[in-house]
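To keep things clear, I will list the structure first and then write my remarks on it.
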Amino acid sequence: MFPMVATVAEFRAARLLLEAEAKRIRPAPRGLRVGTMLEVPALMWQLPDLLEQADFISIGSNDLLQFMFAADRGTPAIANRYDLLSQPMFDLLEQVLEAARVARGGQGIPVSLCGEAAGKPLEAMALVGLGITILSMPASGILPVKAMLAQLDLPAFRPVLAAIRRAGSSAASLREPIVSWAREHGLPV
């Protein structure tokens, strides 16, 4: 998986280099799945071409969020400028999921999300509600996220999330209505 890819040409060059090196290894690998992190927003305008060449995509939430909102997450004065649970991020994630679903003539390719957001129960709930079911997170997030997901009625939550998104399309964040729903349903978020 290649990080910080900004163009399909970069991905293609990296993949060709990796495949050439893999041919030199003895014994040769039986198979090679090659993907990319989606951290650089410029890739969003290259998705169809990228998805035809990548075997998988992993959304790098930490870097993608800070680049999307032009806010360094390490700077406390502006760290609250962005939120994974905002309409722009939901729209972006949904766009990636839909493009990946129809890629390669409808065969599709896997999409995962990695980063701090995946290890937070509320964010994980929203991500799974959108359809991202492969989450890579810090070890400290595994038990809390697992506990929340074990209690989540996903079929009930998905239409609620869609309604929250429709109702709050101009809000800076959709966090509050999602938190309210989770609390009403006794979820540990």
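Contact order, relative form, for the chain: 17 percent (alpha carbon pairs under 8 Å, 6 or more residues apart, mean separation divided by residue count). When the Cα centres of segment 18-56 and segment 109-188 are compared, how far apart do they sit, in Å? First find each Cα centre; the distance between them is then 28 Å. Shown here for segment 84-180: trypsin sites (Lys or Arg not before Pro) in loop regions (DSSP other than H, G, I, E, B) with at most 13 other Cβ atoms within 10 Å, namely Arg104.
Arranged from fewest to most other beta-carbon atoms within 10 Å of their beta carbon, Ser173, Ser180 become Ser180, Ser173.
May I ask for the percentage of alpha-carbon pairs in the chain that lie more than 24 Å from each other? In whole percent, the share of Cα-Cα pairs in the chain beyond 24 Å is 44. Note on Gln53 and Leu143: with the Förster distance fixed at 25 Å, the Cβ-Cβ geometry gives a FRET efficiency of about 0.10.
Rounded to the nearest 0.05, what FRET efficiency do Gln46 and Glu98 give with R0 = 25 Å and r taken as the Cβ-Cβ distance? Could you check?
Using R0 = 25 Å, I get an efficiency of 0.95.
For the pair Phe2 and Glu21, label points projected 7 Å from Cα toward Cβ lie 1.2 nm apart.
Sorting 136-142, 63-69 by their mean Cβ neighbour count within 10 Å, with the most densely packed peptide first, gives 63-69, 136-142. Label-to-label distance, Ala171 versus Ala14, with points set 7 angstrom from Cα along the beta-carbon direction: 3.6 nm. Between His185 and Asp91, the modelled label-to-label distance comes to 2.5 nm, taking each label 7 Å out from Cα in the direction of the beta carbon.
Okay, helix-only estimate at 222 nm for the chain: each DSSP H run of n ≥ 4 adds -39500 (n - 2.57), divide by all residues, round to 500 deg cm²/dmol; what do you get?
About -15500 deg cm²/dmol.
Every read-out reported here was derived from the displayed coordinates using simple, explicitly stated rules and does not represent laboratory data. Note that the structure is predicted; figures quoted are calculated from it, not measured. All Cβ positions, even for glycine, are placed from backbone atoms using ideal geometry, and neighbour counts span all protein chains on display.
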